[in-house]
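The values are calculated or read from the model by the stated rules, or taken from the named source; none is laboratory data. Everything quoted here is computed from the prediction, not taken from an experiment. Note: ideal-geometry Cβ built from the backbone for every residue, glycine included; neighbour counts use all protein chains shown. Protein only, heavy atoms only, side chains kept; ligands, DNA and RNA dropped before computing areas. Shrake-Rupley method; radii C 1.70, N 1.55, O 1.52, S 1.80 Å.
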Amino acid sequence: MRALIVTADDLGLRPDVDEGIVSAHREGIVTHASWLAGGASAQEAAPLVQEEAPGLGVGLHLALSQTLPSGPLAPLTGLLTPEARFPPRQFSAILWARTRARREAVWDEWNAQADTFERTWGRTPTHLDSHQHVHLAPWLGPLAVRLATERGIPRLRAPDEPARGRADTAVFSALGRRLARLARASGVATPDHFDGYRWSGRLGAESLREMEAARGEGCTEWMTHPGTHDEPGGYQRLRELRSLAHVRTPGASPSV
């Protein structure tokens, strides 16, 4: 069996991202999206999906960067910006969370994000992953697995992508394999294969064809970042949207 999950990250980040994700599902191969509880358009994204893309599977994109927190601010002292937001990048959050007390604060915050998901969507997330891969940190991964177990979330992203000579991808995948072992031991499913990290923000038709040719047996997850506008100096979201809408591939599995 060869099953394919095509996940669009960052649902709820901004309206242009939400519109791109819906379009990539309706006109392309995206099967799932990962929602940011503290994103600028989080509350507007839910009715948009429910009305225009009811078949899109929606999971929770755990966050400690770039968004607003969902729980109390006081336990997060030292992490938040003066505007009471999470920092722009995940690295400071990962370092901040290394002590036990701060991991307890992360646990409470991620539970608050899960509560927000359930209130907003009226159901359990189809899957769990994280914004900027923060849950791959060895001291945060167990919290993500525990959350999935206690909330009955059936699937967790634990990426294992061929390094192809890239040191960053090798580290990324080593952390993913470690997390996969922990998740599976706890009864939480993870895809057998993963692709898209090396193409983050610049996925094109050629790279999609390469990813399709590299697919193995079992379940594969592709990570994507479509949107209706590119980000200056950042993700080429419109390029990804156009590519996802024009490349057809067998085996995309909305029910996985």
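Counting only residues that are open to solvent by 50 Å² or more (accessible area, probe 1.4 Å) and not acidic (D, E), which one in the range 163-174 is nearest to the chain's Cα centre (by Cα)? So the residue we want is V171. Restricting the search to helices (runs of 4 or more DSSP H) fully inside the range 157-256 and requiring at least 1 residues that are closer than 24 Å to G141 by Cβ gives 167-185. Only residues that are open to solvent by 40 Å² or more (accessible area, probe 1.4 Å) and either farther than 15 Å from D18 by Cα or free of Cβ contacts under 8 Å to residues at least 60 places away in the same chain (or both) were counted in the range 213-233, giving 7. Do we have any residue at all in the range 142-150 that's touching a His at 6+ places or on another chain (Cβ under 9 Å), open to solvent by 10 Å² or more (accessible area, probe 1.4 Å), closer than 27 Å to R98 by Cα and assigned to a helix (DSSP H, G or I)? Looking for residues that are touching a His at 6+ places or on another chain (Cβ under 9 Å), open to solvent by 10 Å² or more (accessible area, probe 1.4 Å), closer than 27 Å to R98 by Cα and assigned to a helix (DSSP H, G or I), one finds at least one in the range 142-150, hence yes.
For the range 181-212, how many residues meet the condition of being aliphatic (A, V, I, L, M), without any contact (Cβ under 8 Å) to a residue 24 or more places away in the chain and either surrounded by 15 or more Cβ atoms within 10 Å (Cβ to Cβ) or in contact with a Lys or Arg (Cβ under 9 Å, 6 or more places away or on another chain) (or both)?
Qualifying residue count, the range 181-212: 1.
Scanning the range 8-31 for residues that are free of Cβ contacts under 8 Å to residues at least 40 places away in the same chain and in contact with a Lys or Arg (Cβ under 9 Å, 6 or more places away or on another chain) yields no hits at all.
Exactly one residue among L62, L79, L56, L95 is in contact with a helix residue (DSSP H, G or I) (Cβ under 8 Å, 6 or more places away or on another chain) and more than 25 Å from G227 (Cβ to Cβ), and that residue is L79.
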